[in-house]
1. Could you give each residue of segment 100-112 its phi-based ³J(HN,Hα) in whole Hz, using Karplus coefficients 6.51, -1.76, 1.60 with θ = phi - 60°, and x for Gly or Pro?
2. What does the charge count near residue 19 come to, summing +1 for each Lys or Arg and -1 for each Asp or Glu among other residues with Cβ under 13 Å from its Cβ?
3. What pairs in 138/186; 95/193; 95/137; 138/193; 170/193 have C-alpha atoms more than 29 Å from each other?
4. By accessible area of protein heavy atoms, probe 1.4 Å, what ranking do 149, 92 get, highest first?
5. How large is ³J(HN,Hα), in whole Hz, for each residue of segment 176-189 in order, when computed from phi with the Karplus curve 6.51 cos²θ - 1.76 cosθ + 1.60 and θ = phi - 60°, using x for Gly and Pro?
Amino acid sequence: MSQRKRASRVQPVVASTTKNIVVFGESGVGKSSLINLIAGRSIAATSSGAKGCTFRHKKYELQVDDTPYAIWDTAGLDEGAYGTVPAEIAEEHLKQLLHDLTRANGIHLLVYCVRASRLRKTLLSNYNLFYSAICRKKVPIVAVVTGLENYEEEMQDWWAANETEFAMLKMHFDGHACVTTLDADKVNSPILKQRCHASRRAVLPLIASSCARDRWGTEQDGWVSAALADVRAMFKPPRQNTTQPTPIVALYDLPEHSLDPIGSVKDTSFEGGHLVDVGGSPLLVYRIRDQHLRSGVRFKKQIASRGADLLMFCTSIHSDTGASRRRAAAFHGSYGGDMRPLLVVVRDAPVG
Ligand SMILES: Nc1nc2c(ncn2[C@@H]2O[C@H](COP(=O)(O)OP(=O)(O)OP(=O)(O)O)[C@@H](O)[C@H]2O)c(=O)[nH]1
Ligand SMILES: [Mg+2]
């Protein structure tokens with residue numbers, strides 16, 4: 001009996017305990033095919049050529065082994081200005097995705113779909129967009145490598161042979177599966193069929209074991225506004241030399257300190273921040289207070305569409321290390337999506 005027909009334990013569901021899984025990756029790598037593999041039947045449309053066909057996100061609700069899942073198929077992003085879709089439209093689609101995910105109670109797992117034969121520079125931009133900018137690195141992430149039906153070794157061996165490619169780009173994964181997402185019903189060779197079935201057996205437990213217990217991403221977290229600012233920054237064209245705006249620094253410092261570690265203050269009320277002179281070059285500095293650390297709200301209102309170019313976190317050698325670490329992590333997550341450089345300054349260190 002075929003793989004698709006045997007999958008009788010998979011049914012459509014609507015449940016509040018549903019785990020939200022977002023599948024993302026470059027166009028045409030097999031995201032929709034992966035969803036069909038998980039479902040055990042064809043529910044997501046796939047393309048017939050090398051290029052894919054999902055232009056907007058789509059949610060598929062199903063139940064696997066008694067666990068309800070909502071699997072979100074997203075539009076593939078390509079090289080250049082994110083592929084064939086203009087940047088503004090891609091951004092609008094992502095905005096809609098964030099709002100829909102918020103209404104659906106946030107994200108439990110990111111699945112990064114990668115084609116084995118296509119490890120290239122968009123690897124990092126897709127990862128940064130979904131894991132760093134949208135999920136602020138707070139959601140488990142797994143990689144599913146597709147296109148391995150003819151791999152000369154065992155499919156799972158692909159990872160050990162290629163994981164340095166990911167490590168070099170400092171990409172982290174909580175788990176992985178190396179598979180083929182070809183439809184078992186559409187391949188003739190028994191070996192290929194076997195590999196299709198083995199792929200489903202590899203993917204289902206990976207997903208079941210990697211989902212976060214609690215979802216992440218709600219309006220209260222300031223999630224959508226923070227994520228959108230970073231998504232916009234990723235989509236905007238590179239700056240032209242002639243019109244470079246004043247660089248923005250988000251500064252978290254102990255309350256008793258002024259802006260002296262950065263430079264001399266020229267104007268303390270410039271666009272809600274402080275205009276500071278550093279060796280003749282202006283910087284626009286925003287002081288971040290404890291109450292803004294988690295949400296990033298104040299900062300976003302001030303400079304909604306740009307985000308900071310540099311984050312600066314000051315602490316003291318006398319401060320509690322654990323608390324400082326937590327503050328620094330909250331600061332980095334809320335104001336930089338872990339994507340902007342973070343400079344840590346430790347005050348009061350003994351001299352000599
Ligand atoms: N050889 C091979 N082809 C695959 C595999 N997975 C998917 N394909 C084929 O690749 C093409 C694209 O697959 P899709 O699942 O539509 O890709 P996608 O990532 O959803 O594409 P977008 O919707 O544009 O983002 C289709 O022709 C699939 O049959 C695989 O594991 N091996
Ligand atoms: Mg698709």
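The values are calculated or read from the model by the stated rules, or taken from the named source; none is laboratory data. Because the structure is predicted, anything quoted here is derived from the model rather than measured. Every residue, glycine as well, gets a Cβ built from its backbone with ideal geometry; the counts of neighbours run over all protein chains shown. Each accessible area value is taken on the protein alone, full model and side chains, heavy atoms only, with ligands, DNA and RNA left out. Shrake-Rupley method; radii C 1.70, N 1.55, O 1.52, S 1.80 Å.
1. 5, 5, 5, 5, 8, 6, x, 10, 9, 7, 9, 10, 8
2. Working: positive: 59, 213, 215; negative: 61, 65, 66, 214.
Spelling it out: positives minus negatives among the neighbours equals -1.
3. Details: 138/186 38 Å; 95/193 39 Å; 95/137 18 Å; 138/193 37 Å; 170/193 35 Å.
Violating the 29 Å Cα-Cα cut-off are 138/186; 95/193; 138/193; 170/193.
4. Details: 149 40, 92 95 Å².
Final ranking, largest accessible area leading: 92, 149.
5. Once θ is set to phi - 60°, the couplings for segment 176-189 become 7, 9, 10, 9, 10, 9, 5, 7, 4, 6, 9, 10, 9, 5 Hz.
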